[in-house]
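Novice: I'd like to ask you about the structure that follows.
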Amino acid sequence: MEAGCAAQVVRALLTMSREEAWEVRHGALLGIKYCLPAREDLLPELLPLATPSLLQALADDDDDVRAGAAASLLGVASHLEALVPSRLPRLLGALWDALASVDDLTAS
């Protein structure tokens with residue numbers, strides 16, 4: 001996929017990640033999970049763009065959405081410090097907060 005098309009797909013997924021229905025948000029995060037690592041050449045542009053949506057998703061009321069956001073970060077974790085250093089403390093805090101809300105009955 002061409003760089004411009006891949007960037008458009010990620011932007012569309014980021015828009016979907018702000019929808020009201022949790023299923024749409026979760027699906028968008030699954031798409032982001034696979035798109036970002038697949039196009040590492042676009043990470044300098046896309047990761048700073050995606051970080052606010054991922055932070056918002058890590059604080060979501062739905063545990064599947066939080067898990068999708070955490071999984072989206074997993075594939076690009078080695079790039080976070082270089083590409084979004086100012087947001088790294090907030091991302092780590094949001095991940096710890098999301099982890100604290102997980103219990104034995106949480107599906108994700």
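The values are calculated or read from the model by the stated rules, or taken from the named source; none is laboratory data. Everything quoted here is computed from the prediction, not taken from an experiment. As a convention, Cβ positions derive from the backbone with ideal geometry for all residues, glycine included, and neighbour counts pool all protein chains shown. Heads up: the accessible areas ignore ligands, DNA and RNA and are worked out on the full protein's heavy atoms, side chains in. Shrake-Rupley method; radii C 1.70, N 1.55, O 1.52, S 1.80 Å.
Novice: Mind checking the per residue accessible area of the stretch 1-101 for me, 1.4 Å probe, whole number of Å²?
Specialist: 55 Å²
Novice: Sticking with this one: Counting only protein chains, not ligands or nucleic acids, how are 64, 41 ordered by accessible area (probe 1.4 Å), most first?
Specialist: Of 64, 41, the descending order of accessible area is 41, 64.
Novice: When the accessible area of the chain is computed with all protein chains present and a 1.4 Å probe, what percentage of it is carbon and sulfur?
Specialist: Values: 3560 of 6180 Å².
The C+S portion of the solvent-accessible surface of the chain is 58 percent.
Novice: Can you sort 9, 102, 84 by solvent-accessible area, 1.4 Å probe, largest first? Don't jump to the answer; show the numbers that get you there.
Specialist: Details: 9 55, 102 75, 84 5 Å².
Ranked from most to least accessible, the order is 102, 9, 84.
Novice: Another one. In the chain, with Lys and Arg counted as +1 and Asp and Glu as -1 at Cβ, which of these residues, 27, 79, 15, has the Cα nearest the positive end of the dipole, that is, farthest along it?
Specialist: Looking along the dipole axis, the top candidate is 79.
Novice: For a quick check, take a GNM of the chain with Cα springs below 10 Å and name the residue from 92, 55, 80 with the largest mean-square fluctuation.
Specialist: Largest GNM mean-square fluctuation: 92.
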